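The next block holds one structure in the form of structure tokens; read it before the comments.
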Amino acid sequence: MEQRKFKKPGGFRQHAPRPKASSLVIGRQPIVEAMKAGKAIERIFMLRGATGEIIPQIRQLAEQYNIPINLVPVEKLNGLTSANHQGCVAITGNINYLDLQDVISHVTEQGQTPLFLILDGITDVRNIGAIARSAVCCGAQAIIIPDRGIAALNEEAIKSSAGALETISVCRVNSLLKAIDTLHLNGIKVIASEMEAETKLYDCQLQEPVAVIMGSEDKGVFPALIKASDTLFHIPMAGNFESFNVSVAAGIILYEAMKQRGA
């Protein structure tokens, strides 16, 4: 199937134990400048108890750009670099994350019907890559991820996605529950896969604006997200085997949405 290209709105701004030096931004002022320049940053490691005039600015910019800050002991920072880190080291990423509301507005302004994925607790980069690939192939416009508890969208994830992670919009949020609130305020229904649900996948109205929550393979969708969902559904199976792999399940759901939308 030919990939569908979704143009990102422009203008927005687990790694290895020892990242390559080229993937680090070292020191307080360089980190501030990198964030202001819109450089893709996955995470900031900050010395626990760090003080100084520029620390509040780092925190403010990180909050503005949804960049998580991990407070760590000095041994962690020294393990990342032997340079003078001033108590702050940032890990650069491969993905420029976009604001969820901006993406929703862009999709609707383009006359498209939102089809988003919410990834909850998926820690295998290959699964994330495969999900992103299916999302692009089936016409989804965005993937929403939390800033913690999910695999890093690193080079392996991008390779597994065949480049789809560089095509689809990725929104990183500090709360999936708040993201669901934003989706609801924009008229987008949120649905979640639940093995005990009565509704079958093909009975869901996927031609409407919708965001689908995909949970981790070991724990499924977080209960609070289940409660916040508008509809719970299950994917019918021929046998009694436990479940589909999460990336396979995502592909099935996305293909059903594409079929319902007449693609």
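The values are calculated or read from the model by the stated rules, or taken from the named source; none is laboratory data. Bear in mind that the values here come from a model prediction, so they are computed numbers and not experimental data. Every residue, glycine as well, gets a Cβ built from its backbone with ideal geometry; the counts of neighbours run over all protein chains shown. Protein only, heavy atoms only, side chains kept; ligands, DNA and RNA dropped before computing areas. Shrake-Rupley method; radii C 1.70, N 1.55, O 1.52, S 1.80 Å.
Structure above, values below:
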{"read-out": "Segment 101-241 - charge dipole about Cα centre, Lys and Arg +1 at Cβ, Asp and Glu -1, debye rounded to 20", "value": "120 debye"}
{"read-out": "Value at 222 nm in deg cm²/dmol, rounded to 500, when DSSP H runs of n ≥ 4 in the chain each add -39,500 (n - 2.57)", "value": "-9500 deg cm²/dmol"}
{"read-out": "Fraction of alpha-carbon pairs over 30 Å apart in the chain - percent", "value": "30 percent"}
{"read-out": "Contour excess over end-to-end distance, with Cα ends at D230 and S243 and 0.36 nm allotted per residue", "value": "2.5 nm"}
{"read-out": "Size-normalised alpha-carbon gyration radius of segment 123-183, reference 2.2 N^0.38 Å", "value": "1.08"}
{"read-out": "Volume per residue that the Cα convex hull of segment 112-232 spans, once the total is divided by residue count, Å³", "value": "99 Å³"}
{"read-out": "Efficiency of FRET between T113 and K178 - r from beta-carbon atoms, R0 25 angstrom, step 0.05", "value": "0.65"}
{"read-out": "Heavy-atom accessible surface of the chain: percent carbon and sulfur, 1.4 Å", "value": "49 percent"}
{"read-out": "Net dipole in debye of the chain [+1 Lys, Arg Cβ; -1 Asp, Glu Cβ; about Cα centre; nearest 20]", "value": "840 debye"}
{"read-out": "Global geometry of segment 183-229, whether rounded, prolate or oblate, following the gyration tensor of its Cα atoms and the 1.5 cut on a/c", "value": "oblate"}
{"read-out": "Kirkwood-type radius of segment 161-263, with distances r between different C-alpha atoms, in Å", "value": "14.7 Å"}
{"read-out": "Residue-level accessible surface for V248, protein heavy atoms, 1.4 Å, Å²", "value": "70 Å²"}
{"read-out": "Per residue accessible area of the chain, 1.4 Å probe, in Å²", "value": "49 Å²"}
{"read-out": "Theoretical FRET efficiency, 1/(1+(r/R0)^6), r = Cβ-Cβ of E166 and K76, R0 35 Å, to 0.05", "value": "0.75"}
{"read-out": "Spacing of the two label points (7 Å from each Cα toward its C-beta) at I252 and M195, in nm", "value": "1.2 nm"}
{"read-out": "Centroid-to-centroid separation of segment 98-123 and segment 191-246 [C-alpha atoms, Å]", "value": "19 Å"}
